[in-house]
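Colleague: This structure is in structure tokens; I'll ask about it shortly.
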Amino acid sequence: MNPTAEQLRAFYSRCVRASNLLQSIELVRYDSRSQRIVMLIGKTIQIEVLPNGEVIIG
């Protein structure tokens, strides 16, 4: 399974925002079971991008 177009747009947007804030992107993973893109920004910010492009920040 591949990420959806909505996921890729949301992922790109979050990458740009993180770099504008001079935050490092430590980890990016596509979880094929849940079909989510998971990102770790810095040491503490976890972001999940759902297949519909919705973003969950935890």
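Colleague: Whole-Hz Karplus ³J(HN,Hα) for region 21-38, in order, using 6.51 cos²θ - 1.76 cosθ + 1.60 and θ = phi - 60°, x for Gly and Pro?
Modeller: Here the 3J(HN,Hα) series is 8, 6, 9, 7, 9, 7, 8, 9, 9, 9, 8, 5, 5, 9, 6, 10, 9, 10 Hz.
Colleague: Just to confirm the number: angle between the C-alpha axis of helix 5-20 and the first principal axis of the chain, 0 to 90 degrees, nearest 10?
Modeller: 0
Colleague: Identify which of the listed values of percent of Cα pairs over 14 Å apart was calculated from the structure shown: (i) 49; (ii) 69; (iii) 62.
Modeller: (i)
Colleague: Any idea of the accessible area per residue across the chain, 1.4 Å probe, to the nearest Å²? Present the calculation step by step, with values, prior to reporting the outcome.
Modeller: Numbers: 4060 Å² over 58 residues.
Using a 1.4 Å probe on heavy atoms only, each residue of the chain averages 70 Å².
The values are calculated or read from the model by the stated rules, or taken from the named source; none is laboratory data. Remember, it's a predicted structure, so these values are computed and weren't measured experimentally. Surface accessibility is based on the protein's heavy atoms, side chains included, excluding ligands, DNA and RNA. Shrake-Rupley method; radii C 1.70, N 1.55, O 1.52, S 1.80 Å.
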